[in-house]
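The structure appears right after this line, and notes come after that.
The values are calculated or read from the model by the stated rules, or taken from the named source; none is laboratory data. Note that the structure is predicted; figures quoted are calculated from it, not measured. Note: ideal-geometry Cβ built from the backbone for every residue, glycine included; neighbour counts use all protein chains shown.
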Amino acid sequence: MKKLLYAFLMLAVFISCENEDHGVDVNNYNGPNITYFTNGIAGNYFVTPDAGVNSIQIGATSISTSERTYTLQVDTSSTAQEGVDFNFVNPSVTIPAGDYFGEILIQGIFEGTTSSGSNLIINLVGDDVMTGSKYTLFIVQQCVSDLAGMYSVTTTYGYHDFLPDYATNTMEAEIVEIESGLYQVEDMSGGLYSTGPYSTNYGTDSTSFTVQFSENCGLISWEGQSDPWGPVVPLEGGTNSVDLNTGVITISWFAEKYGENGVSVYTPL
């Protein structure tokens, strides 16, 4: 009796948001069995490289002496692709005999998902399914960012005031984590401002070009950063990313005021 009461309560919560769609008053329901999604109509699935399966529960309003199996159908309006963003562990879901509940199991595919996410819309197909019953699962890639540490940095300069001298430079630099996914590095110029000709001619040092940048799923970005003369932005058309296999970081920067720019490659030490 407790399970039956729970099933009716869960169905009441679900229908309270969907009365207009289904026209069912569960508080006064006394009809044939209905099968439905017990957790409402939507949920989120954050997919990490080692993500476990995501479970979506279905429930029935009555017990049966035999198992009940329902087909899972991907709605045509889904933006998530089977085999790319996810896989069904099983193409159907079963409520065992003598039970009220069954589980849909979905495995996210980290390499196929994106940080912007996609929607998997599941239609439940079978006898006694609530009319129009569907569930939307937002599947989004969740990366673990871990860039803090010491690096050997080699910078190739596209322009500065003293070329062709000091065309490249290699130095060591520390990337410091400010908070999850947010980092800071001193002298993003790769030495031009700290030990190179700008330090001796213009009085710059390692703190003159300190930049905070973000990393999300291998992509490097920043905004609102500057050197002593003006904004510093990502170089148009340049690479700003992390090789997730090697940990090598490439940062392409451009100083807007006078046009200094370069490509710095950070190799973990």
Q | Filter result for the condition that a residue is in a strand (DSSP E or B) and crowded, with 17+ Cβ neighbours inside 10 Å, over Y198, Y193, Y183 | A | Y183
Q | Residues located in the stretch 124-172, provided they are at pLDDT below 95, surrounded by 12 or more Cβ atoms within 10 Å (Cβ to Cβ) and hydroxyl-bearing (S, T, Y) | A | S133, S145
Q | Residues satisfying the stated conditions in the stretch 53-95, i.e. under 20 Å from the mean Cα position of the chain (by Cα), closer than 17 Å to V125 by Cβ and in a loop (DSSP other than H, G, I, E, B) | A | S78
Q: Out of L182, L137, L124, L163, report the one residue that is over 30 Å from V53 (Cα atoms) and not aromatic (F, W, Y).
A: L163
**Q.** Residue among F110, F88, F101 that is without any contact (Cβ under 8 Å) to a residue 24 or more places away in the chain and among the hydrophobic types (A, V, I, L, M, F, W, C)
**A.** F88
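State yes or no: is G230 of a type outside the set (A, V, I, L, M, F, W, C) and within 18 Å of N169 (Cα to Cα)? If you could, list the steps in order and put the result at the bottom.
Working: of a type outside the set (A, V, I, L, M, F, W, C): yes; within 18 Å of N169 (Cα to Cα): no.
Judged against the criteria, G230 is not a match.
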Q: Taking only the stretch 85-113 into account, find how many residues are surrounded by 14 or more Cβ atoms within 10 Å (Cβ to Cβ) and farther than 30 Å from I63 by Cβ.
A: 8
Q | Meets criteria (closer than 13 Å to L147 by Cα, surrounded by 14 or more Cβ atoms within 10 Å (Cβ to Cβ) and of a type in the set (F, W, Y)) for Y266 | A | yes
Q. Which one of these is under 26 Å from G112 (Cα atoms), without any contact (Cβ under 8 Å) to a residue 40 or more places away in the chain, assigned to a strand (DSSP E or B) and among the small types (G, A, S): S252, S226, S214?
A. S214
**Q.** Matching residues in the stretch 255-269 - criterion: being part of a strand (DSSP E or B) and among the aliphatic types (A, V, I, L, M)
**A.** A255, V263, V265
Q.
Tell me whether the stretch 29-42 contains one or more residues that are surrounded by 12 or more Cβ atoms within 10 Å (Cβ to Cβ), under 27 Å from the mean Cα position of the chain (by Cα), of a type outside the set (S, T, N, Q) and modelled with pLDDT under 90.
A. yes
Q: Select, from I106, I121, I175, the only residue that is assigned to a strand (DSSP E or B), closer than 29 Å to V232 by Cβ and either at pLDDT below 95 or among the hydrophobic types (A, V, I, L, M, F, W, C) (or both).
A: I175
Q) Filtering the stretch 53-71 down to residues that are without any contact (Cβ under 8 Å) to a residue 40 or more places away in the chain and loosely packed, with under 13 Cβ neighbours inside 10 Å, which residue is farthest from L244 (Cα to Cα)? A) T65
